[in-house]
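**Student:** Pasting a structure below so you can have a look.
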Amino acid sequence: MLNVVIFGAPGSGKGTQSELIIKEFGLDHISTGDVLRAEIKAGSELGKIANDYITKGQLVPDELIINILAKVLDSKKDSKGVIFDGFPRTIPQAEALKKMLNERGTDVTVMINLHVDEDELINRLLERGKKSGRSDDNLETIKSRLDVYHSQTAPLAEYYIKEGKHHAVKGVGTIEEIFGFIKEKIESLRVNP
Ligand code: B4P
(Lines give C-alpha, C1' and ligand atoms only; values in the text may rest on other atoms or scores of the structure.)
Protein backbone atom coordinates (compact mmCIF):
# COMPACT_ATOMS: atom_id res chain seq x y z
CA MET A 1 0.00 0.00 0.00
CA LEU A 2 1.06 3.57 -0.69
CA ASN A 3 0.24 5.52 2.46
CA VAL A 4 0.92 9.26 2.34
CA VAL A 5 0.72 11.62 5.30
CA ILE A 6 0.19 15.17 4.06
CA PHE A 7 1.41 17.53 6.74
CA GLY A 8 1.72 21.27 7.36
CA ALA A 9 0.37 24.26 9.25
CA PRO A 10 -3.31 25.25 8.94
CA GLY A 11 -3.78 26.67 5.46
CA SER A 12 -0.59 25.11 4.06
CA GLY A 13 -2.63 23.38 1.33
CA LYS A 14 -3.08 19.86 2.72
CA GLY A 15 -6.67 19.56 1.49
CA THR A 16 -5.87 21.27 -1.82
CA GLN A 17 -2.93 18.99 -2.64
CA SER A 18 -4.77 15.88 -1.38
CA GLU A 19 -7.38 16.33 -4.12
CA LEU A 20 -4.67 16.31 -6.81
CA ILE A 21 -2.82 13.33 -5.29
CA ILE A 22 -6.07 11.33 -5.19
CA LYS A 23 -6.80 12.11 -8.84
CA GLU A 24 -3.29 11.17 -9.98
CA PHE A 25 -2.64 8.08 -7.87
CA GLY A 26 -6.16 6.78 -7.11
CA LEU A 27 -5.65 6.77 -3.35
CA ASP A 28 -8.39 6.86 -0.74
CA HIS A 29 -8.67 10.10 1.24
CA ILE A 30 -9.04 10.41 4.99
CA SER A 31 -9.34 14.02 6.16
CA THR A 32 -10.03 14.22 9.88
CA GLY A 33 -11.07 17.86 9.43
CA ASP A 34 -13.72 16.81 6.86
CA VAL A 35 -14.92 13.95 9.10
CA LEU A 36 -15.33 16.35 12.05
CA ARG A 37 -17.10 19.00 9.96
CA ALA A 38 -19.53 16.34 8.66
CA GLU A 39 -20.30 15.33 12.27
CA ILE A 40 -20.87 18.98 13.20
CA LYS A 41 -23.23 19.42 10.24
CA ALA A 42 -25.14 16.27 11.20
CA GLY A 43 -25.52 17.61 14.78
CA SER A 44 -24.16 14.38 16.30
CA GLU A 45 -22.87 14.10 19.88
CA LEU A 46 -19.33 13.85 18.52
CA GLY A 47 -19.95 16.90 16.33
CA LYS A 48 -21.05 18.95 19.34
CA ILE A 49 -17.89 18.06 21.26
CA ALA A 50 -15.64 18.68 18.22
CA ASN A 51 -17.26 22.04 17.51
CA ASP A 52 -16.21 23.43 20.93
CA TYR A 53 -12.56 22.64 20.19
CA ILE A 54 -12.53 23.69 16.54
CA THR A 55 -14.18 27.06 17.21
CA LYS A 56 -11.46 27.83 19.79
CA GLY A 57 -8.72 26.74 17.39
CA GLN A 58 -7.77 23.80 19.60
CA LEU A 59 -7.19 20.18 18.69
CA VAL A 60 -9.90 17.63 19.35
CA PRO A 61 -8.64 15.21 22.10
CA ASP A 62 -6.37 12.42 20.85
CA GLU A 63 -8.52 9.57 22.16
CA LEU A 64 -11.57 10.80 20.29
CA ILE A 65 -9.82 11.38 16.98
CA ILE A 66 -7.85 8.10 17.14
CA ASN A 67 -11.10 6.13 17.60
CA ILE A 68 -12.65 7.91 14.64
CA LEU A 69 -9.62 7.19 12.50
CA ALA A 70 -9.62 3.49 13.36
CA LYS A 71 -13.26 3.22 12.21
CA VAL A 72 -12.66 5.12 8.97
CA LEU A 73 -9.56 3.03 8.25
CA ASP A 74 -11.54 -0.18 8.61
CA SER A 75 -13.91 1.06 5.92
CA LYS A 76 -10.95 1.32 3.46
CA LYS A 77 -9.79 -2.29 3.79
CA ASP A 78 -9.45 -2.98 0.05
CA SER A 79 -7.70 0.28 -0.68
CA LYS A 80 -4.45 0.42 -2.68
CA GLY A 81 -3.32 3.28 -0.46
CA VAL A 82 -4.55 6.12 1.70
CA ILE A 83 -3.76 9.80 1.96
CA PHE A 84 -3.93 10.96 5.57
CA ASP A 85 -4.85 14.65 5.50
CA GLY A 86 -4.67 16.47 8.85
CA PHE A 87 -3.82 13.30 10.78
CA PRO A 88 -1.59 12.81 12.74
CA ARG A 89 -1.38 16.18 14.48
CA THR A 90 0.32 15.05 17.73
CA ILE A 91 2.98 12.49 18.66
CA PRO A 92 0.41 10.13 20.30
CA GLN A 93 -1.63 10.27 17.06
CA ALA A 94 1.49 9.38 15.01
CA GLU A 95 2.24 6.45 17.33
CA ALA A 96 -1.37 5.27 17.11
CA LEU A 97 -1.33 5.52 13.31
CA LYS A 98 1.84 3.44 13.10
CA LYS A 99 0.32 0.78 15.36
CA MET A 100 -2.97 0.68 13.40
CA LEU A 101 -1.18 0.38 10.06
CA ASN A 102 1.31 -2.21 11.33
CA GLU A 103 -1.60 -4.31 12.64
CA ARG A 104 -2.99 -4.21 9.11
CA GLY A 105 0.37 -5.27 7.64
CA THR A 106 1.35 -1.86 6.28
CA ASP A 107 2.98 1.46 7.34
CA VAL A 108 3.32 5.12 6.40
CA THR A 109 5.25 5.30 3.10
CA VAL A 110 6.08 9.01 3.18
CA MET A 111 5.25 12.18 5.07
CA ILE A 112 5.05 15.27 2.85
CA ASN A 113 5.73 18.41 4.92
CA LEU A 114 4.43 21.57 3.21
CA HIS A 115 6.42 24.67 4.22
CA VAL A 116 4.58 28.01 4.07
CA ASP A 117 5.47 31.22 5.92
CA GLU A 118 3.12 32.57 8.55
CA ASP A 119 1.92 35.74 6.73
CA GLU A 120 0.92 33.66 3.71
CA LEU A 121 -0.94 31.15 5.94
CA ILE A 122 -2.93 33.93 7.61
CA ASN A 123 -3.78 35.55 4.25
CA ARG A 124 -4.95 32.24 2.77
CA LEU A 125 -7.14 31.36 5.74
CA LEU A 126 -8.70 34.85 5.94
CA GLU A 127 -9.37 34.61 2.21
CA ARG A 128 -10.92 31.13 2.60
CA GLY A 129 -12.99 32.43 5.54
CA LYS A 130 -14.81 34.92 3.25
CA LYS A 131 -16.47 31.99 1.47
CA SER A 132 -16.12 28.91 3.67
CA GLY A 133 -18.32 30.02 6.55
CA ARG A 134 -15.95 27.97 8.75
CA SER A 135 -16.08 28.95 12.42
CA ASP A 136 -12.26 28.69 12.64
CA ASP A 137 -11.30 30.92 9.68
CA ASN A 138 -11.18 34.23 11.58
CA LEU A 139 -8.07 36.07 12.76
CA GLU A 140 -8.36 35.25 16.47
CA THR A 141 -8.92 31.53 15.89
CA ILE A 142 -6.29 31.37 13.14
CA LYS A 143 -3.71 32.73 15.64
CA SER A 144 -4.67 30.05 18.20
CA ARG A 145 -4.45 27.36 15.51
CA LEU A 146 -0.96 28.52 14.56
CA ASP A 147 0.14 28.48 18.25
CA VAL A 148 -1.25 24.95 18.62
CA TYR A 149 0.49 23.93 15.42
CA HIS A 150 3.88 25.17 16.68
CA SER A 151 3.57 23.61 20.14
CA GLN A 152 1.82 20.27 19.40
CA THR A 153 2.02 19.47 15.69
CA ALA A 154 5.34 20.81 14.32
CA PRO A 155 7.40 18.42 16.56
CA LEU A 156 6.04 15.57 14.41
CA ALA A 157 8.54 16.52 11.69
CA GLU A 158 11.31 15.20 13.96
CA TYR A 159 9.31 11.99 14.56
CA TYR A 160 9.12 11.28 10.81
CA ILE A 161 12.76 12.29 10.23
CA LYS A 162 13.72 9.57 12.74
CA GLU A 163 11.41 7.13 10.91
CA GLY A 164 13.20 8.01 7.64
CA LYS A 165 9.87 9.07 6.10
CA HIS A 166 10.07 12.89 6.13
CA HIS A 167 10.07 14.83 2.84
CA ALA A 168 9.94 18.65 2.87
CA VAL A 169 8.18 20.50 0.03
CA LYS A 170 8.04 24.26 -0.56
CA GLY A 171 4.32 25.03 -0.23
CA VAL A 172 4.44 28.50 -1.82
CA GLY A 173 3.88 28.88 -5.56
CA THR A 174 1.10 27.80 -7.86
CA ILE A 175 -0.97 24.78 -6.80
CA GLU A 176 0.25 22.91 -9.92
CA GLU A 177 3.92 23.72 -9.23
CA ILE A 178 3.67 22.41 -5.68
CA PHE A 179 1.84 19.33 -6.86
CA GLY A 180 4.69 18.71 -9.35
CA PHE A 181 7.19 18.35 -6.47
CA ILE A 182 4.86 16.00 -4.58
CA LYS A 183 4.17 13.89 -7.65
CA GLU A 184 7.89 13.52 -8.36
CA LYS A 185 8.50 12.24 -4.83
CA ILE A 186 5.59 9.78 -4.86
CA GLU A 187 6.60 8.43 -8.27
CA SER A 188 10.17 7.86 -7.05
CA LEU A 189 8.78 5.83 -4.14
CA ARG A 190 6.75 3.64 -6.46
CA VAL A 191 9.92 2.79 -8.36
CA ASN A 192 12.12 2.42 -5.23
CA PRO A 193 9.72 1.73 -2.34
P1 B4P B 1 -8.27 20.82 8.68
O2 B4P B 1 -9.60 20.61 8.06
O3 B4P B 1 -7.28 19.71 8.59
O4 B4P B 1 -7.77 22.09 7.88
P5 B4P B 1 -6.64 23.15 7.73
O6 B4P B 1 -5.39 22.72 8.45
O7 B4P B 1 -7.27 24.42 8.16
O8 B4P B 1 -6.34 23.40 6.17
P9 B4P B 1 -5.48 22.81 4.96
O10 B4P B 1 -4.01 22.75 5.21
O11 B4P B 1 -6.15 21.55 4.51
O12 B4P B 1 -5.64 23.98 3.89
P13 B4P B 1 -6.33 24.08 2.48
O14 B4P B 1 -5.80 23.11 1.49
O15 B4P B 1 -7.81 24.12 2.67
O16 B4P B 1 -8.45 21.14 10.25
C17 B4P B 1 -9.49 21.92 10.84
C18 B4P B 1 -9.60 21.72 12.37
O19 B4P B 1 -10.12 20.38 12.69
C20 B4P B 1 -8.29 21.78 13.19
O21 B4P B 1 -7.92 23.11 13.51
C22 B4P B 1 -8.66 20.93 14.47
O23 B4P B 1 -9.39 21.68 15.41
C24 B4P B 1 -9.57 19.84 13.92
N25 B4P B 1 -8.79 18.62 13.61
C26 B4P B 1 -8.62 18.09 12.36
N27 B4P B 1 -7.83 16.99 12.42
C28 B4P B 1 -7.49 16.82 13.72
C29 B4P B 1 -6.65 15.89 14.41
N30 B4P B 1 -5.99 14.92 13.75
N31 B4P B 1 -6.52 15.99 15.76
C32 B4P B 1 -7.17 16.95 16.43
N33 B4P B 1 -7.96 17.88 15.85
C34 B4P B 1 -8.12 17.83 14.50
O35 B4P B 1 -5.81 25.51 2.01
C36 B4P B 1 -6.21 26.71 2.67
C37 B4P B 1 -6.54 27.79 1.67
O38 B4P B 1 -5.39 28.14 0.91
C39 B4P B 1 -7.61 27.38 0.65
O40 B4P B 1 -8.52 28.42 0.50
C41 B4P B 1 -6.84 27.13 -0.63
O42 B4P B 1 -7.59 27.41 -1.79
C43 B4P B 1 -5.65 28.08 -0.48
N44 B4P B 1 -4.44 27.55 -1.12
C45 B4P B 1 -3.99 26.27 -1.08
N46 B4P B 1 -2.83 26.15 -1.77
C47 B4P B 1 -2.53 27.42 -2.23
C48 B4P B 1 -1.43 27.98 -3.00
N49 B4P B 1 -0.43 27.23 -3.44
N50 B4P B 1 -1.43 29.29 -3.24
C51 B4P B 1 -2.45 30.09 -2.80
N52 B4P B 1 -3.52 29.63 -2.09
C53 B4P B 1 -3.55 28.31 -1.81
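The values are calculated or read from the model by the stated rules, or taken from the named source; none is laboratory data. Just so it is clear, the model here is predicted, and its values are computed rather than measured. Note that we place each Cβ from the backbone using ideal geometry, even for glycine, and neighbour counts take in every protein chain shown.
**Student:** Quickly run through the stretch 6-40 and pick out the residues that are within 21 Å of I142 (Cα to Cα), of a type outside the set (S, T, N, Q) and out of contact with any strand residue (DSSP E or B) (no Cβ under 7 Å at 6 or more places or on another chain).
**Tutor:** A9, P10, G11, G33, D34, V35, L36, R37, A38, I40
**Student:** Does S79 meet the test of being touching a residue at least 24 places away in the same chain (Cβ under 8 Å) and within 14 Å of the chain's Cα centre (by Cα)?
**Tutor:** Taking the combined requirement at face value, the residue does not satisfy it.
**Student:** So, one more: Among the helices (runs of 4 or more DSSP H) confined wholly to the stretch 1-88, which include 2 or more residues that are polar (S, T, N, Q)?
**Tutor:** 14-25, 45-56
**Student:** Go through the stretch 42-54 and count every residue that is touching a helix residue (DSSP H, G or I) at 6+ places or on another chain (Cβ under 7 Å) and not hydrophobic (A, V, I, L, M, F, W, C).
**Tutor:** Summing the residues that are touching a helix residue (DSSP H, G or I) at 6+ places or on another chain (Cβ under 7 Å) and not hydrophobic (A, V, I, L, M, F, W, C) in the stretch 42-54 gives 2.
**Student:** In the stretch 66-105, how many residues are modelled with pLDDT under 95 and of a type in the set (S, T, Y)?
**Tutor:** Selection size over the stretch 66-105: 2.
**Student:** Has the stretch 42-63 got at least one residue that is within 11 Å of the ligand (Cβ to nearest atom), farther than 16 Å from L114 by Cβ, buried (at least 18 other Cβ atoms within 10 Å of the Cβ) and small (G, A, S)?
**Tutor:** Yes, there is a match, as at least one residue in the stretch 42-63 is within 11 Å of the ligand (Cβ to nearest atom), farther than 16 Å from L114 by Cβ, buried (at least 18 other Cβ atoms within 10 Å of the Cβ) and small (G, A, S).
**Student:** Kindly evaluate E177 against the criterion of being surrounded by fewer than 14 Cβ atoms within 10 Å (Cβ to Cβ), over 17 Å from T55 (Cα atoms), within 9 Å of the ligand (Cβ to nearest atom) and not β-branched (V, I, T).
**Tutor:** For E177, the condition - surrounded by fewer than 14 Cβ atoms within 10 Å (Cβ to Cβ), over 17 Å from T55 (Cα atoms), within 9 Å of the ligand (Cβ to nearest atom) and not β-branched (V, I, T) - is met.
**Student:** Run down D28, D34 and say which single residue is more than 7 Å from the ligand (Cβ to nearest atom) and not basic (K, R).
**Tutor:** Result of the check over D28, D34: D28.
**Student:** Here's a follow-up. Anything in the stretch 83-110 that is within 14 Å of the ligand (Cβ to nearest atom) and either of a type in the set (A, V, I, L, M) or under 21 Å from I186 (Cβ atoms) (or both)? List them, or say none.
**Tutor:** Listed by number, the residues that qualify are I83, F84, D85, G86, F87, P88, I91, A94, A96, L97, M100.
**Student:** Taking the residues in the stretch 23-41 that are surrounded by 17 or more Cβ atoms within 10 Å (Cβ to Cβ) and either closer than 17 Å to V169 by Cα or aliphatic (A, V, I, L, M) (or both) as candidates, determine which candidate is farthest from the chain's Cα centre (by Cα).
**Tutor:** Only one residue fits best here, namely I40.
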